[in-house]
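Any read-out appearing in this document is the output of simple, stated calculations on the displayed coordinates, not a laboratory observation. Not measured: the values here are computed from a predicted model. We place every Cβ from the backbone using ideal geometry, glycine too, and count neighbours over all the protein chains shown.
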Amino acid sequence: MTTSHVKRAFKYRFYPTDAQAVELSRTFGCVRKVYNLALAARTEAWARQERVNYNQTSVMLTAWKKTEELAFLNEVSSVPLQQTLRHLQMAFTNFFGKRAKYPRFKSRKKSRKSAEYTTSGFRFRDGRLTLAKMSQPLDIVWSRPLPEGAKPSTVTVSQDSSGRWFVSLLCEDPGVKPLPATDTAVGIDVGLNHLLTLSTGEKITNPRHERRDRARLALAQRRLAKKAKGDGTNRAKARRKVAKIHARIADRRRDHLHKLTTRLVRENQTLVIEDLTVRNMVKNRSLARAISDAAWSEFRSMLEYKAAWYGREVIAVDRFFPSSKLCSHCGTLAERMPLHVRTWTCEGCGTTHDRDVNAAKNLKAAGLAVTACGAGVRPQRRTPGGQSATKQETPRREP
């Protein structure tokens, strides 16, 4: 992996002026409108067994701007409008490649409010960012410096459901370099009572971020439910209060996972995890809230792209591997292992196991077996030396 190819998105909060907020809100609406128009056109063409590509939708955009009904599209920068057509093209590419579902129309209330600018749509000089159609630079809170000499290739402006404004700058980061290789390996078993259990015996407590704010969230949701439905000001205020609590929970969860995954990647050369189908597991009503709060999928995603950055290896062991029922000391397989059983004694050797620690040890052994001889378990994804066995794009994440 060459460090010049590593791009990172540096996300900052900013505070727009009233004029900038109006301009950006108008841009968000135009981006959503163009996306929906292009999707409708491509869907209609598909029904006629025809295909429409990006170039054709770009021609359509030019024609739409000339109509009286859509003349307002000329009031905003053309760069985000062209970018949303590229995003739609990528969505269809993923759909035809069976990597995603058919693209859906963007909703004014539910869809993410964002606009992406390429280099022709912004000016970045001396730490000041000015977007097209704006005379003043954005008032950005530079919570951390950009890499020295960094030149953003794209800038994405967004507003979350709680009303906060963010700008994300995609830059090449020369500071991302493979870490010195070590011979350490660790098995990681995820859980609910403990967020992670390592093969070393260490258990990492589950912070349960959602539970800490559950009472406050429930109160805000009850107040929202009592507001008259519609676009009233009171309902909008109540909805924003709910969104702020959700944002607070998500921020704490993300910060904790970033610190945790960075530590694990720095300390270990090989990290072995279990390939869990979280999407199916959250269908269990009794555990759905707790599983969602634990954010196992987000943990795995962070672990994998950081391993790719720093030259580490992540191995995902097949979900059907009996890590909990297998004795890590002698290899005896227990017949049954209900979830409520947290400690058990092996009938073969008499060793008493902690269920989670034993599972983590078995995952480590299985992952090392795959590394050594490629047999024993079926890894779903593997990232040796920072490269994935499956096709992946350059990660665009925060550190």
Sorting Asn36, Trp309, Pro174 by the position of each Cα along the dipole of the chain (Lys, Arg +1; Asp, Glu -1; all at Cβ), the one nearest the positive end of that ordering is Asn36
Expected sort for 330-343, 59-72, 246-259, 183-196 on mean C-beta neighbours within 10 Å, highest first, is 183-196, 246-259, 59-72, 330-343
Note, the range 209-215: 3J(HN,Hα) by Karplus (6.51, -1.76, 1.60, θ = phi - 60°), whole Hz, Gly/Pro = x, goes 4, 5, 5, 5, 10, 5, 5
For the range 127-137, Karplus-derived ³J(HN,Hα) couplings (6.51, -1.76, 1.60; θ = phi - 60°; whole Hz; x for glycine and proline) come out as x, 10, 10, 10, 8, 4, 6, 10, 8, 10, x
Counting sequence-distant residues (5 or more places) and residues on other chains, those with an amide H built under 5 Å from that of Val314 are Leu271, Thr383
Quick calc, the chain, dipole around Cα centre from Cβ unit charges on Lys, Arg (+) and Asp, Glu (-), nearest 20 debye, gives 1880 debye
Under the 7 Å Cα-to-Cβ spin-label approximation, Asp318 and Thr62 lie apart by a distance in nanometres of 5.5 nm
Long-range alpha-carbon pairs in the chain, meaning those over 41 Å apart, account in percent for 26 percent
With bins of 10 Å, the percent of all Cα-Cα pairs of the range 3-172 per bin from 0 is 9, 35, 34, 18, 3, 0
HN-Hα couplings for the range 317-331 via Karplus (6.51, -1.76, 1.60; θ = phi - 60°), in whole Hz with x for Gly/Pro, come out as 7, 3, 5, 8, 5, x, 5, 7, 8, 8, 6, 6, 8, 10, x
As straight-line cross-link partners of Lys325, the qualifying lysines (C-alpha separation under 17 Å, not fewer than 8 residues apart within one chain) are Lys361, Lys364
Amide H neighbours of Tyr117 at under 5 Å, excluding residues fewer than 5 places away on the same chain, with H built from the backbone geometry, are Val155, Thr156, Val157
Among Lys65/Lys106; Lys7/Lys244; Lys110/Lys227; Lys203/Lys259; Lys109/Lys229, the pairs whose Cα-Cα distance exceeds 24 Å are Lys7/Lys244
Hits in the range 190-233: amide N under 19 Å from the 7 Å Cα→Cβ extension of Arg248, namely 207-225
Taking a ≥ b ≥ c as the square roots of the eigenvalues of the Cα gyration tensor, with a/c under 1.5 meaning rounded and otherwise prolate when a/b exceeds b/c and oblate if not, the range 241-288 is oblate
Protection proxy (average C-beta count within 10 Å per residue), highest first, orders 49-57, 73-81 as 73-81, 49-57
Taking the chain and counting helices only, DSSP H stretches of n ≥ 4 at -39,500 (n - 2.57) each over all residues, the nearest-500 ellipticity at 222 nm comes to -13000 deg cm²/dmol
Taking a straight Cα-to-Cα line shorter than 16 Å from Lys113, and setting aside same-chain aspartates and glutamates fewer than 8 residues away, one finds Glu23, Asp160
